[in-house]
Amino acid sequence: MNIFKREFSSNLKSLVIWCVSYLAMMALASSEFAVYNGQADEVNAFLNSLPEALKQAFSLDTVRLDIPEGYFSYIGGFLVLASVIFAGLAGAQILSKEINKKTSETTFALPVTRQRIVSMKLAAAALNCVILTAVTFAGSLGAFARFGIGADFITGVGKFMLVILALQMLFLLFGFFVSSLSRRHKRTGMIVAAVIIGVYLLSFFSKLNEDVEFLKYFSPFEYFPAAAVVQGTDLEVFGFIAVPLLAIGFFGGAYRLVAVKDL
């Protein structure tokens, strides 16, 4: 438990900064939506002036920006990207932070197993993700409350927060796996962030042409599209199978590597 407390405390400042940034982001989104709210004709005229490829890439062809559900679906893609980067970097730091600060010999010499140490550190990182998601949910409802949101909006946003949390856990474990695999720990965070952004871009490319639509199966960001989740439309089964399997693979692989890694 002391390891858990130490890990949580050491990351508390970063968590607070991320939470405040999210609240500011939602306040900004609320101000922007106030311009679109109820202005269907003007918004449609603006969207019609955009290139078709751009509308498809940002899913603007499937949402209405003049209603809360539609606008939140639009910004949802950016929310999930930022949240996943937060989780991925948290996972990457589980080992690399100790090694970079040259405290690994002390930490991993404690009279407990390596697996227990990294489990406590992983649990602290997971709690940070849960807190950030909870703050995002509360901030989203608070920011859009003045527009008379109803039960559908609250339910849709709540479901999308669960999606964000699931993807955070996936990329938290991915970051941990990369940290366990890497020998250049100073670059681990950069590698994880680059992979996340690359996978996110795949989700854009998959929408541009039917010939590359298959790319969506290589991007977890497309497993649960914000518009489909918030508006309550059907989702493909593939994502519900792929995410748990990938998470289990990263988790198991990381623990095997930690057991034999020279720390």
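Tell me, please, whether a residue that is over 17 Å from Ala90 (Cβ atoms), more than 16 Å from the chain's Cα centre (by Cα) and at pLDDT below 85 can be found in the stretch 184-194.
Of all residues in the stretch 184-194, those over 17 Å from Ala90 (Cβ atoms) come to 184.
Now restrict to residues that are more than 16 Å from the chain's Cα centre (by Cα): 184.
Applying the additional criterion that residues be at pLDDT below 85 yields 184.
Checking the stretch 184-194: at least one residue is over 17 Å from Ala90 (Cβ atoms), more than 16 Å from the chain's Cα centre (by Cα) and at pLDDT below 85.
For the stretch 110-136, enumerate the residues that are of a type in the set (Lys, Arg) and open to solvent by 40 Å² or more (accessible area, probe 1.4 Å). Steps first, please.
Of all residues in the stretch 110-136, those of a type in the set (Lys, Arg) come to 114, 116, 121.
Correct list: Arg114, Arg116.
State which residue is modelled with the highest pLDDT when the search covers only the stretch 27-72 and only residues that are open to solvent by 50 Å² or more (accessible area, probe 1.4 Å), of a type in the set (Phe, Trp, Tyr) and assigned to a helix (DSSP H, G or I).
Ranking the qualifying residues of the stretch 27-72, first place goes to Tyr36.
In the stretch 190-232, what count of residues is obtained for those that are of a type in the set (Asp, Glu) and under 13 Å from Leu81 (Cβ atoms)? Please lay out each step first, then the result.
First, pick out the residues of the stretch 190-232 that are of a type in the set (Asp, Glu): 210-211, 213, 222.
Filter again for under 13 Å from Leu81 (Cβ atoms), leaving 222.
The number of residues fulfilling the criteria is 1.
I'm trying to understand the selection: among the residues of the stretch 10-26, which are modelled with pLDDT under 90 and open to solvent by 50 Å² or more (accessible area, probe 1.4 Å)?
Ser10, the sole residue that qualifies.
Which ones in the stretch 137-162 are under 15 Å from the mean Cα position of the chain (by Cα) and either more than 20 Å from Glu222 (Cβ to Cβ) or open to solvent by 20 Å² or more (accessible area, probe 1.4 Å) (or both)? Before you say what the answer is, go through the steps one by one.
We begin by selecting, within the stretch 137-162, every residue under 15 Å from the mean Cα position of the chain (by Cα); these are 137, 157-162.
Hits for the stretch 137-162 are Phe137, Gly158, Lys159, Leu162.
Check every one of the helices (runs of 4 or more DSSP H) wholly within the stretch 165-262 and list those with 2 or more residues that are open to solvent by 60 Å² or more (accessible area, probe 1.4 Å). Quick ask: steps written out before the conclusion?
Values: elements: 188-208, 226-231, 237-260.
In the stretch 165-262, the matching helices (runs of 4 or more DSSP H) lie at 188-208, 237-260.
The values are calculated or read from the model by the stated rules, or taken from the named source; none is laboratory data. This one's a predicted model, so the numbers in the text were calculated from it and none came from an experiment. Backbone-built Cβ (ideal geometry, glycine too); neighbour counts: all protein chains shown. To get the accessible areas, we keep the full protein, side chains included, count just its heavy atoms, and leave off ligands, DNA and RNA. Shrake-Rupley method; radii C 1.70, N 1.55, O 1.52, S 1.80 Å.
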